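S.K.: I'd like to ask you about the structure that follows.
The values are calculated or read from the model by the stated rules, or taken from the named source; none is laboratory data. This is a predicted model, so every value here is computed, not measured. Glycine gets a Cβ as well: all are built from the backbone with ideal geometry, and neighbour counts include every protein chain shown.
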């Protein structure tokens, strides 16, 4: 088969963050195939594709499109070469209609004036010819995420894309939408188009791709035919060593109920309930894991429990006190700690130094302040303690923290949150974007904390993480908890069914209407 | 908010329109004609200024330098027309002054845009610097070039001539109300329509709105975001320059030190108040013109015992009240949304629960 | 230590560059007026910062002074006070700039772009202009003194301490309340504080104009003005009191205000960097979501910051009247001290020591430009220079990019070792 894309010796260094995102990368995609590009978060796959799409300029290397040397300095060049990209975060204008979004930048016009009906007609014809039905006049703000993705795909097709780059396309989709997307991908490939699928979900690769290229830390590690490699092999190539699937831990000895949520109702974006009637209990000395595809209400649930998002219905109890509408400070006083999903913006203030970051949860207490005056030596000591205990590398107390790596930042957050011996620890995506060593450290710390009697609510989209850490597993789908399983008895298949909205008593298909 | 407006948008809009029409009718009937006329005249800088503000903010840039651009327009308009030595009233055509003012306003808008978008100076600081510069530079030139203190006036400077609209002119009531203004007044009305057409009916306007609402979306389809913004800011500057020209050549025929005195800032408020809609901005501007006219009107009537200085604060107080009202409206809508959400889904949840307890399936 | 020094030098390089560039670009305007820029600037700086007899830049440091026996000797200029030193006037002006800049900084540090200093300043000023004669008159009435000149010394002494304190306190309260309005609207209703403070400034100006022209007008002087404050409310300047014999102070109404201003700077520094309240407002201002996550009461911190900010501007207004002007004259409301404070705060990049330096520079520049007026150049030259300096000093990133771009072009490329991967 002729090559649709051939990238040679691509190199990209980001001076601002001192990251070598692509290190002499070769990447070749055949015409008409579905080619998966996999790698952990930060392996450089998105950078590589941004280079191909002209969003990022490479420092070195050549790009051949359809075997012709191409100079791609701008998305416009890429579009002209027949390359289209569907970004992970959709690039749509909410107040525009579907038709207006699809035709943005290529509006049919007469001397600069636009006719709305023309546009609707064009989009209608387009969607019919590809069998991707949309309502051209619906506003993007009002349509579902899956539909928005469809709009993005149509956008590239309208520009006559022969090569489609899909960046983590399933991250935000419901299981049903994922299946529909797979069908679309296969159909596009069957039409002779080339699809490049950026993902870190290996099962997805198995299901939909023909070939797979694996990146690790800025390097291209291997390219295989999907039929020839197992998921385990791919995983090994991705991380560079055996993934530790099980963490050493003793059975839990659950104590009293620490956190009790009852029939919670929480609003999400656009006035749709994100959490719909969730009830759960976490006991001292156990880890309750919440599994689920991201975007099924986990974030909103965590925010509601930790006081960052208002609760519209139901109650939350922490150690017997009603905290449904309590302030963050009150919750923390009772004994809650929180490791948030976004450590860069929420968990830390990167504009200031380590001291001020670690003291945010304690600055009102002695010895860190007295009668409203901060006392620096104890604060510095606290920071030093955390740096020592959590092996925060290359951190000097008193220095700005924005130079620290992701793993070390997360250690700072963990160290701070665990410092006051919390009774309840709420952890959301604790290892996202971390290297394997840091992951191990975080996992070990969480187990230790459990063993010393803390109640832990763990939310993660990484099923492995949930399975290896949790004592009980609650599976969320569509803002509801589908079922709570005992970790010993749970297996990936069962959880997979629940994550897709099925129930364990009936076939998954029966629950699709949820 | 979106949801709320979606479900009630028609009623809300109709209600607002009816209320607006009633208020306007009431005002038309109850207020003296001269007051109405001067409101329309005084509203003109606001109309142009708020169009300038909304054009920029539609492109995603809060144009905080309108004040400076207006002042520059006011100054260069007078300078253009100024021709010492010629017979009184025989100086250059004031229309030329307006054009040059638009040109300079646009030029300053362009410089502003390049400094902000290419050199990446903080928007607020840049705006403060530009406003400070224009405020000082105009006075500086007035002294250095023209030897004038505080006011630049000359018999040669003509103000814009008035124009009687052909047929409307002779219609009773409507005639005096709509006819007999300076050309720039009519031009500002035309501009409202033009800006509306530009934003909502042309390709370029579509790009402006896309850039303002989601610049990444625009970028990803190859729209040159910076170029769109630069263009929008230049257009915005031209409108602001024209607004300034009206201040100096519309009614008066002189430039006075710092004569814009806050109208640029008020224009931004008007655009915010009107949700960046050209037609809405037009009517809001009329309201501000009315407030200003009213304070002048009462000033000229000593029998109404109201201190004129406090009356001059009236438009400002109206502005802040409007801001608070807009904010309150947004806040109430949010609260309403939350309440209906809690009721609707809480109820559904209860139903579901009872169903489950009774052994039913969802 | 060396590192620290280098850092200080590095952080100074951009402002210095900005000043130089600002002067160079502004010289275009000087040339246009048909004047020689170097001479103009020499004149301007001498008028701004020099001692008597200052003619050239060199005279700013060393000035030649005629001695009693007819000879000439060189004297260190900043200490040469014969006939009054310009620096004293600079400090007089800087007093108000420091306080209003502190006011702006406190708000900025809470993440609030309030530029309401002008309104708070003039309201503070009009408050003490009224209290400064009304309060003493009430006290005299209560004490049964008909002629203040014949009042018992003890009473006057007590009044001389208490009246200014009360005046200042109330002016600060007025400023604080006025600033709080914008803060409240921001926190509770999310009304853009930049816009609301601009409007509040305009309203304050109208209120003050009204008060000066009508209820508080003292006489039928052609320019309306309030009654002069009583001597017991007056903060007597150094040249009439404490340092009566020191000639250095003779030309300025510099007084205890400068000490208050510097004290305020120290206190504000302490508040921002060493108090829990300051910590709260800096965290809330720097990263809203982080503050919320940490349980910091951001709203309270923001309102507190606005109150403090307003109080500082009110204090500036009070000192302007009690120590310098002694009455409010029509038009004082638009003199723009509060607004200059915003500019000083921006130029100083919210650094407290920076504020003191920039305020003095700013004051000297304005004064130099004003005194140039008997030449051909209007004082607006000062404003033009300041506008350019602000412009250039905010081009820091541009300059730094330029420097690094030149550096990378000159240096050979090294291949850095891949650190933890991840695209920004």
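S.K.: Under 8 Å between Cβ atoms, which residue pairs at least 6 apart in sequence (or on different chains) link something in region C:306-331 that is over 18 Å from residue C:94 (Cβ atoms) with a partner that is buried (at least 23 other Cβ atoms within 10 Å of the Cβ) and at pLDDT below 90?
M.R.: Listed by first residue and then by second, the contacts come to C:330/C:209.
S.K.: Still on this structure: Determine if region B:235-257 includes at least one residue that is farther than 19 Å from residue B:184 by Cβ and either within 21 Å of the chain's Cα centre (by Cα) or not assigned by TED's automatic domain parsing to the domain that holds residue B:73 (or both).
M.R.: From region B:235-257, those farther than 19 Å from residue B:184 by Cβ are B:257; that's our starting set.
Right, trim to either within 21 Å of the chain's Cα centre (by Cα) or not assigned by TED's automatic domain parsing to the domain that holds residue B:73 (or both) and you get none.
Within region B:235-257, none of the residues are farther than 19 Å from residue B:184 by Cβ and either within 21 Å of the chain's Cα centre (by Cα) or not assigned by TED's automatic domain parsing to the domain that holds residue B:73 (or both).
S.K.: Filter region C:298-340 down to the residues that are touching a strand residue (DSSP E or B) at 6+ places or on another chain (Cβ under 7 Å) and more than 12 Å from every other protein chain (Cβ to nearest Cβ), then identify the one that is surrounded by the most Cβ atoms within 10 Å (Cβ to Cβ).
M.R.: C:328
S.K.: Can you name every residue in region B:50-69 that is within 14 Å of chain C (Cβ to nearest Cβ), assigned to a helix (DSSP H, G or I) and surrounded by 24 or more Cβ atoms within 10 Å (Cβ to Cβ)? Write out each step before concluding.
M.R.: Going residue by residue through region B:50-69, those that are within 14 Å of chain C (Cβ to nearest Cβ) are B:50, B:53, B:57, B:62-68.
In the following step, the residues that additionally are assigned to a helix (DSSP H, G or I) were identified as B:50, B:53, B:57, B:66-68.
Residues satisfying the conditions are B:50, B:53, B:66, B:67, B:68.
S.K.: Are any residues in region A:275-303 within 13 Å of another protein chain (Cβ to nearest Cβ) and over 17 Å from the mean Cα position of the chain (by Cα), and if so, which ones?
M.R.: Passing the criteria: A:275, A:276, A:277, A:278, A:279.
S.K.: To continue, here is another question. Is it fair to say residue B:91 is on the phi > 0 side of the Ramachandran plot, in contact with a helix residue (DSSP H, G or I) (Cβ under 8 Å, 6 or more places away or on another chain), surrounded by fewer than 24 Cβ atoms within 10 Å (Cβ to Cβ) and modelled with pLDDT under 95? Walk me through how you get there before you give the answer.
M.R.: Working: on the phi > 0 side of the Ramachandran plot: no; in contact with a helix residue (DSSP H, G or I) (Cβ under 8 Å, 6 or more places away or on another chain): yes; surrounded by fewer than 24 Cβ atoms within 10 Å (Cβ to Cβ): yes; modelled with pLDDT under 95: yes.
Spelling it out, it is not the case that residue B:91 is on the phi > 0 side of the Ramachandran plot, in contact with a helix residue (DSSP H, G or I) (Cβ under 8 Å, 6 or more places away or on another chain), surrounded by fewer than 24 Cβ atoms within 10 Å (Cβ to Cβ) and modelled with pLDDT under 95.
S.K.: Tell me, which helices (runs of 4 or more DSSP H) wholly within region B:201-290 include 1 or more residues that are within 14 Å of chain A (Cβ to nearest Cβ) and modelled with pLDDT of 85 or more? Outline the logic, then answer.
M.R.: Numbers: elements: B:203-213, B:215-220, B:225-246, B:263-273.
Output list reads B:203-213, B:215-220, B:225-246.
S.K.: Any residue that is part of a loop (DSSP other than H, G, I, E, B), without any contact (Cβ under 8 Å) to a residue 12 or more places away in the chain and under 27 Å from residue A:190 (Cα atoms) - is there at least one of those in region A:20-33? Working first, answer last.
M.R.: Here is the first cut: in region A:20-33, the residues part of a loop (DSSP other than H, G, I, E, B) are A:31-33.
From the residues that got through so far, the ones that are without any contact (Cβ under 8 Å) to a residue 12 or more places away in the chain too are none.
So far as region A:20-33 goes, no, none of its residues is part of a loop (DSSP other than H, G, I, E, B), without any contact (Cβ under 8 Å) to a residue 12 or more places away in the chain and under 27 Å from residue A:190 (Cα atoms).
S.K.: For region A:129-221, please list each of the strands (runs of 3 or more DSSP E) lying entirely inside it that holds at least 1 residues being away from every other protein chain (no Cβ under 14 Å) and surrounded by fewer than 22 Cβ atoms within 10 Å (Cβ to Cβ). Write out each step before concluding.
M.R.: Working: elements: A:163-167, A:194-199, A:211-216.
By residue number, A:211-216.
Table: residues versus (1) outside the structural domain of residue B:180 (by TED's automatic domain parsing); (2) modelled with pLDDT of 85 or more.
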{"residue": "B:12", "(1), (2)": "yes, no"}
{"residue": "B:15", "(1), (2)": "yes, no"}
{"residue": "B:18", "(1), (2)": "yes, yes"}
{"residue": "B:22", "(1), (2)": "yes, yes"}
{"residue": "B:25", "(1), (2)": "yes, no"}
{"residue": "B:45", "(1), (2)": "no, yes"}
{"residue": "B:48", "(1), (2)": "no, yes"}
{"residue": "B:52", "(1), (2)": "no, yes"}
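S.K.: I've got another one for you. Take residue A:326 and tell me if it is under 23 Å from residue A:275 (Cα atoms) and within 28 Å of the chain's Cα centre (by Cα). Quick ask: steps written out before the conclusion?
M.R.: On the way: under 23 Å from residue A:275 (Cα atoms): yes; within 28 Å of the chain's Cα centre (by Cα): no.
No; evaluated as a whole, the condition is false for this residue.
S.K.: Test residue B:226 against the criterion of being farther than 20 Å from residue B:72 by Cβ, touching a helix residue (DSSP H, G or I) at 6+ places or on another chain (Cβ under 7 Å) and surrounded by fewer than 19 Cβ atoms within 10 Å (Cβ to Cβ), and give yes or no. Don't jump to the end; show me each part of the working.
M.R.: Working: farther than 20 Å from residue B:72 by Cβ: yes; touching a helix residue (DSSP H, G or I) at 6+ places or on another chain (Cβ under 7 Å): yes; surrounded by fewer than 19 Cβ atoms within 10 Å (Cβ to Cβ): yes.
Judged against the criteria, residue B:226 is a match.
S.K.: Which numbered condition in (1) within 14 Å of another protein chain (Cβ to nearest Cβ); (2) buried (at least 20 other Cβ atoms within 10 Å of the Cβ); (3) more than 14 Å from residue A:423 (Cβ to Cβ) is the only one that residue A:263 fails?
M.R.: Going through the list (1) within 14 Å of another protein chain (Cβ to nearest Cβ); (2) buried (at least 20 other Cβ atoms within 10 Å of the Cβ); (3) more than 14 Å from residue A:423 (Cβ to Cβ), residue A:263 breaks only (2).
S.K.: It is to be established whether one or more residues within region A:383-404 are touching a strand residue (DSSP E or B) at 6+ places or on another chain (Cβ under 9 Å), without any contact (Cβ under 8 Å) to a residue 40 or more places away in the chain, more than 8 Å from chain C (Cβ to nearest Cβ) and surrounded by 15 or more Cβ atoms within 10 Å (Cβ to Cβ).
M.R.: At the first step, the residues of region A:383-404 found to be touching a strand residue (DSSP E or B) at 6+ places or on another chain (Cβ under 9 Å) are A:383, A:397-401.
With without any contact (Cβ under 8 Å) to a residue 40 or more places away in the chain added as a condition, the list becomes A:383.
With more than 8 Å from chain C (Cβ to nearest Cβ) added as a condition, the list becomes A:383.
Applying the additional criterion that residues be surrounded by 15 or more Cβ atoms within 10 Å (Cβ to Cβ) yields A:383.
Yes, the conditions are met somewhere in region A:383-404.
S.K.: So, of the residues in region C:344-357 that are within 14 Å of chain B (Cβ to nearest Cβ) and under 9 Å from the mean Cα position of the chain (by Cα), which turns out to be farthest from residue B:257 (Cα to Cα)?
M.R.: Start the filter on region C:344-357 by keeping residues that are within 14 Å of chain B (Cβ to nearest Cβ), which leaves C:344-350.
If we keep only those that are under 9 Å from the mean Cα position of the chain (by Cα) too, we end up with C:344-345.
On the way: C:344: 24, C:345: 26 Å.
Taking the candidates together, the pick is C:345.
S.K.: Looking at (1) within 14 Å of chain C (Cβ to nearest Cβ); (2) over 28 Å from residue B:282 (Cβ atoms); (3) in contact with a helix residue (DSSP H, G or I) (Cβ under 9 Å, 6 or more places away or on another chain), which one does residue B:147 not meet, given that it meets all the others?
M.R.: (3)
S.K.: Now, a different point. Condition (residue is within 10 Å of chain C (Cβ to nearest Cβ), part of a helix (DSSP H, G or I), touching a residue at least 40 places away in the same chain (Cβ under 8 Å) and more than 20 Å from residue A:476 (Cβ to Cβ)) applied to region A:308-328: is it met by at least one residue?
M.R.: no
S.K.: Could you tell me which numbered condition residue A:439 fails, if it satisfies all but one of (1) closer than 17 Å to residue A:344 by Cβ; (2) within 14 Å of chain C (Cβ to nearest Cβ)?
M.R.: (1)
S.K.: While we're on this one: Consider region C:383-398. How many of its residues are more than 7 Å from every other protein chain (Cβ to nearest Cβ) and at pLDDT below 90? Talk me through it step by step, then tell me what you get.
M.R.: Narrowing region C:383-398 to residues more than 7 Å from every other protein chain (Cβ to nearest Cβ): C:385, C:388-389, C:392-393, C:396.
Next cut, at pLDDT below 90 only: C:393, C:396.
Going through region C:383-398 one residue at a time, the tally reaches 2.
S.K.: Restricting attention to region A:329-365, and to residues there that are part of a loop (DSSP other than H, G, I, E, B) and more than 7 Å from chain C (Cβ to nearest Cβ), which single residue is farthest from residue C:283 (Cα to Cα)?
M.R.: Step one: list which residues in region A:329-365 are part of a loop (DSSP other than H, G, I, E, B), which gives A:335, A:340-342, A:348-352, A:362-365.
Now drop any that are not more than 7 Å from chain C (Cβ to nearest Cβ), which leaves A:335, A:341-342, A:350, A:362, A:365.
On the way: A:335: 22, A:341: 19, A:342: 17, A:350: 11, A:362: 14, A:365: 17 Å.
Among those residues, the one meeting the criterion is A:335.
S.K.: Taking the residues in region C:264-297 that are more than 25 Å from residue A:340 (Cα to Cα) and facing another protein chain (nearest Cβ under 7 Å) as candidates, determine which candidate is surrounded by the fewest Cβ atoms within 10 Å (Cβ to Cβ).
M.R.: Out of the qualifying residues, it is C:274.
S.K.: If you don't mind, there's one more thing I want to ask. What are the pairs with Cβ atoms under 7 angstrom where one residue, in region B:1-29, is assigned to a loop (DSSP other than H, G, I, E, B) and the other, located anywhere, is at pLDDT 80 or above? Sequence gap at least six, or different chains.
M.R.: B:1/B:334; B:1/B:337
S.K.: Still on this structure, please answer the following. Search region A:79-128 for residues being at the interface with chain B (Cβ under 9 Å from one of its Cβ atoms), part of a helix (DSSP H, G or I) and in contact (Cβ under 8 Å) with a residue 24 or more places away in the chain, and hand back the single one that is surrounded by the fewest Cβ atoms within 10 Å (Cβ to Cβ).
M.R.: In this case the residue turns out to be A:79.
S.K.: Would you confirm, using the coordinates I've provided, whether residue A:374 is within 12 Å of chain C (Cβ to nearest Cβ) and in contact (Cβ under 8 Å) with a residue 24 or more places away in the chain?
M.R.: Judged against the criteria, residue A:374 is not a match.
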